[in-house]
Amino acid sequence: MLQTPPLIRLDETSSTNEEAFLRQAAGEAAPFFLTADMQTAGRGRAGRNWISPKGNLYLSACLQNPCPAGRLHQLGFVAGVALVRSLKQLAPQSDFRLKWPNDILEGKAKLAGVLLEARKQEGANVVVIGWGVNIVTAPHDLPYPATALNDNHPQIDRDRVLSELMENFMSLFRLWDHSKNFAAIRQLWLDHALPLNSPLCVKPDGTQKIEGCFSGIDEDGALLIDTQTGRQRVLAGDTIWPNPSAGAA
Ligand code: BTN
């Protein structure tokens, strides 16, 4: 049984994901967690920046050869469920939801995001999962609504989220069982996701945007989206957020 991996704590780094890759390459044994109080070059999905002032949570988990290479994307679902489960444990009455691929919403506003990155280092598949959670402050100049945990839950402090998240991630990682039990993770993800038939607009990697309704996740972890021309399957990509005045999440 995998023990809880060690946690490296830093005052500041460029990106906890980058720092985790560098430390693994320099000999730090994976798995390990790494957190920093602030990031100077935090990164989000699709090449975006992740604004990273002091007070919010920046956590990365570094894993080595966790499963066959073609299934690494499944870890994004493990990571998302781990965070939403942690938040629900800390604020049970609140409306935390997962939005494909890896956004965590409170109500209709983005509270957190997950960035999964993989590299081949010395012949090993090294995977780093990074969570960014707005605890004390959310950026204002985004094309979508954003919120911070302390806006609605001033009593929850960052280190409680950190310890719940590490614990939940490890227990779900064990349940996932190196991808052999993705079915259980998929079901948990769907249980915490936006309702089926919610409007969704996505941009698959390298192609045109697709507009339709959320129709679930298939057994390989691909998004299913029902469009006017039929059902489409999207393995990787990003959400395009609607104009907030349109009212949908
Ligand atoms: C997103 O675009 O929604 C994903 C954001 C992920 C941000 C986290 S913060 C910790 C880790 N280090 C990074 O540079 N990015 C991730």
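Some notes on this structure:
- For I217, residues with placed amide H under 5 Å, excluding near neighbours: L224
- Charged neighbours of N125, selected by a Cβ distance under 11 Å, balance to +2 (K, R count +1; D, E count -1).
- Considering only region 1-81, percent of DSSP beta bridges that pair antiparallel, nearest 5: 45
- CD proxy at 222 nm, helix term only [per DSSP H run n ≥ 4: -39500 (n - 2.57); per residue of the chain; nearest 500]: -7500 deg cm²/dmol
- Cα pair distances exceeding 23 angstrom across the chain, given as percent: 48
- Rounded FRET efficiency, nearest 0.05, which uses the C-beta distance separating N65 from A25 and R0 of 22 Å: 0.90
- Links that overshoot a 25 Å alpha carbon limit, given the list K180/K203; K88/K203; K54/K209; K54/K110; K120/K180; K88/K120: K180/K203; K88/K203; K54/K209; K88/K120
- Under a 5 Å amide H cut-off, with hydrogens placed 1.01 Å from N, S14 pairs with T40 among residues at least 5 apart or on other chains.
- Couplings 3J(HN,Hα) of region 164-179, computed from phi: 4, 5, 5, 5, 5, 4, 5, 5, 6, 4, 5, 4, 4, 6, 6, 5 Hz, in residue order, whole Hz [Karplus 6.51 cos²θ - 1.76 cosθ + 1.60, θ = phi - 60°; x for Gly and Pro].
Every read-out reported here was derived from the displayed coordinates using simple, explicitly stated rules and does not represent laboratory data. Please read all numbers here as calculations on a predicted model, not as lab measurements. So basically every Cβ, Gly included, is an ideal-geometry build from the backbone, and we count neighbours across all protein chains shown.
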